[in-house]
Amino acid sequence: MSISQISVFLENKSGSLSEFSGVLSDNNINIQAMSVAETSEFGIVRLITDDTYDAATVLKDAGYIARITPVTCATIEDRPGSLHEIISVLNKSGIDVDYMYAFLGGRKENHAHIILKTEDDKKTDAVLKSAGIELLED
Amino acid sequence: MGAYFQEEIECASAGKIKQMQDERLAAQVKHVWDNVPFYRKKLEEAGIKPEDIKGRDDLHKLPFTTKADLRDNYPDKLVAVPLDDCVRIQSTSGTTGKRVVAYYTKEDIDLWEDCCARAIVAVGGSKKDVCQVSYGYGLFTGGPGLNGGSHKVGCLTVPTSSGNTDRQIMFINDLKTTILCCTPSYAAYLGESMKEMGMKPDEIPLKAGIFGAEAWSEEMRNDIQKTLGIKAYDIYGLTELSGPGVAFECSEQKGMHVNEDHFIAEVVDPETGEPLPDGEKGELIFTSITKKAFPLLRYRTRDICILSHEKCGCGRTHVKMTKPLGRTDDMLIIRGVNVFPSQIETVLLKEGYQANYQIIVDRVNNTDTLDVHVEMTPEVFTDNVGEISRRQNELVAALRSMLGIKANVTLVAPKSIIRSEGKAVRVIDNRKI
């Protein structure tokens, strides 16, 4: 039920993000969602793209280390309170969120997509689904 | 001209020194021939009998001894006296597979301490002085050697060992320490710390320092002299030969006198092994001619040096060596500790990284820094920042445990480490020594 996310290792130094986005641009990779997690030395860029396999191949050829991780993508209404609905469902089921990010204007109008990484993506999918929350899949 | 610890030896004529060396070398070759199968075999292979070595002029006929020989004969196969006659061991800083255990008889320790005592007197030390030994005590020779020398001179000896800077400074002030013995980088660190505490150079009781176990520049000497308000002197030694005091600096502060009654120094071409004349740069070779338990014939130090027999203003006649100007191998000396790139590589591979790394050594505020840049690998990379950091911390701990000093680890992008002609540049040493 999950979707594929590409995680890429970047050095935390001036120019490395620009170089990275250049590679995606040059190869016509369209980014649907993206987040950057950083430490003082390195960063992990997380991407959702149209074609995960294509993007991963391009990045690998350009010398990047990339890893494909399954993540949950919940679709929620673009209104106050809708995020809390899914987070409280997870909380009640004892599921901790490792990280999450969101994007608007994705595959469904007037909705937002929440990308969630938890310890157990199968359980997360099941819990959200039974609470009536719409999930995206590849 | 100042005072000497053993004037008749330290200021002996060139003829007297040669006579001493001739007799002692001949006796030493006989001693190892009789007692160490390794040396006997080596001499036999070279077609040499003890009676062929009549003195210093025959020295070049003897084969070299290398660190590998010492390693192969670990721990005690080179010991030339019954183990019952040995009273102590010291050991090198413990680089994997390269640890050397040096054995001492009572007499060996006595003569070693004489050498250290000469160094202390040469910097103006006497029984009126308080000598704080802030070199490590234990297997490392720094602490025990200077401690023994200080006793012989009759100084009040303060065996603080290394570390605990606040306590070091407290003793310097409370006991009115006049002579400090430690690594130059630690001396610089103590100086900076005292400066931060608001102590002015003329308020610090110290008058002289004996700083060795790592390379240091004239700039660093000037800095230390200024912040501590002292004269700073160099000292040289190797555990394999005894420890500190193989050579020491005098009041002239221009090179170190080799204790020639105990060690014969040579400089050779590191490629061909041919002896080089005074003034030429080459690998420093030592033969210990008085050591009974652990004698070494023509030991290759891997240090690059120049020897000089020029007359010295201090009145001592023993040959002088420059401070080591480099190494013939890839060994780095960082904060007084010997570090080989191969050790770092071993740890990286064990921790699941690849051998794509770069070692960057620098000196910041007179203290050596060690940074290891490691390329991220697909095997180590995960989507989890915490997991990567955890593995990074494990690597730092493993390096510390292997090297004995802290290394900072930076994870860098794959293939980002500069490779020249296909070979990675492993070491960048930015220290200006």
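The values are calculated or read from the model by the stated rules, or taken from the named source; none is laboratory data. Treat the numbers as computed from the prediction; the structure is a model and nothing was measured. Quick reminder, even Gly has a Cβ in these numbers, built from the backbone with ideal geometry, and neighbours come from all protein chains shown. For accessibility, only protein heavy atoms count, side chains too; no ligands or nucleic acids. Shrake-Rupley method; radii C 1.70, N 1.55, O 1.52, S 1.80 Å.
Interface burial in the stretch A:61-79, defined as at least 50 Å² less accessible area with all protein chains than with the chain alone at a 1.4 Å probe, covers A:I65, A:R67.
Placing +1 on each Lys and Arg Cβ and -1 on each Asp and Glu Cβ, with no other charges, gives the stretch A:71-136 a dipole about its Cα centre of roughly 100 debye. Cα-based radius of gyration for the stretch B:292-347, normalised by 2.2 N^0.38 Å, reads 1.58.
Ignoring ligands, DNA and RNA, please state the percent of accessible area on the stretch A:71-136 from carbon and sulfur, probe 1.4 Å.
Values: 1820 of 3700 Å².
It is 49 percent, rounded to a whole number.
Accessible surface of B:E379, taken over heavy atoms with a 1.4 Å probe and every protein chain present, rounds to 120 Å². Residues whose amide H falls under 5 Å from that of A:I95, counting only those 5 or more places apart or on a different chain, are absent, with hydrogens built in the peptide plane.
Carbon-plus-sulfur fraction of the accessible area of chain B, 1.4 Å probe, in percent? Summing carbon and sulfur atoms, their accessible area is 51 percent of the total for chain B.
In the elastic network of chain A, a GNM with C-alpha springs shorter than 10 Å, the most mobile of A:A37, A:A56, A:A112 is A:A37. Calculated [222 nm] ellipticity per residue, helices only, for the protein assembly as shown: -9500 deg cm²/dmol; basis is -39500 (n - 2.57) per DSSP H run with n ≥ 4, divided by all residues, nearest 500. Rounded to whole Å, the principal axis extents of the Cα atoms in the stretch A:3-69 read 31, 24, 18, largest first. Amide H to amide H, with H built 1.01 Å from N, A:Q32 comes under 5 Å of A:I48, A:T49, A:D50, counting only residues 5 or more places away or on other chains.
Please state the equivalent ellipsoid semi-axes for chain A: what are the square roots of 5 times the Cα gyration tensor eigenvalues, largest first, in whole Å?
Details: eigenvalues 158, 50, 38 Å².
Listed largest to smallest, the semi-axes of chain A are 28, 16, 14 Å.
Under the criterion of Cα pairs below 8 Å and six or more residues apart, the relative contact order for the stretch B:7-328 equals 18 percent. Apolar share of the accessible surface for the stretch A:3-69: 43 percent from carbon plus sulfur atoms, 1.4 Å probe. The accessible-area loss of the stretch B:354-391 on complex formation, taken against its chain alone with a 1.4 Å probe, reaches 50 Å² or more at B:F381, B:D383, B:V385.
Using a cut-off of 15 Å between beta-carbons, work out the net charge of the residues near B:K176 (Lys and Arg +1, Asp and Glu -1, B:K176 not included). Overall, the nearby charge balance is -1.
One quarter of the surface of the convex hull around the alpha-carbon atoms of the protein assembly as shown equals 33.9 nm², the direction-averaged projected area. Counting, for every residue in A:42-52, the Cβ atoms of other protein chains within 10 Å of its Cβ and taking the mean gives 2.
Looking at the protein assembly as shown, the accessible area is 45 square angstrom per residue; that uses a 1.4 Å probe and ignores ligands, DNA and RNA.
How would B:W112, B:W33 line up by accessible area, probe 1.4 Å, largest first? Don't skip to the answer; put the middle values down first.
On the way: B:W112 5, B:W33 35 Å².
Final ranking, largest accessible area leading: B:W33, B:W112.
Computed from phi, the 3J(HN,Hα) profile of the stretch A:64-79 under the Karplus parametrisation 6.51, -1.76, 1.60 (θ = phi - 60°) reads 8, 9, 10, 9, 9, 10, x, 10, 8, 10, 9, 9, 10, 6, 7, 8 Hz, with x in place of Gly and Pro. Overall, the ratio between the Cα radius of gyration of chain B and 2.2 N^0.38 Å, rounded to two decimals, is 1.03.
Basic side chains Lys and Arg get +1 at the Cβ, acidic Asp and Glu get -1 at the Cβ, and with that the dipole of the stretch A:3-69 about its Cα centre reaches some 160 debye. With a 10 Å cut-off around each Cβ of B:409-416, the average count of Cβ atoms from other chains is 5. Buried accessible surface for the B/A chain pair comes to about 1400 Å², total over both chains, computed with a 1.4 Å probe.
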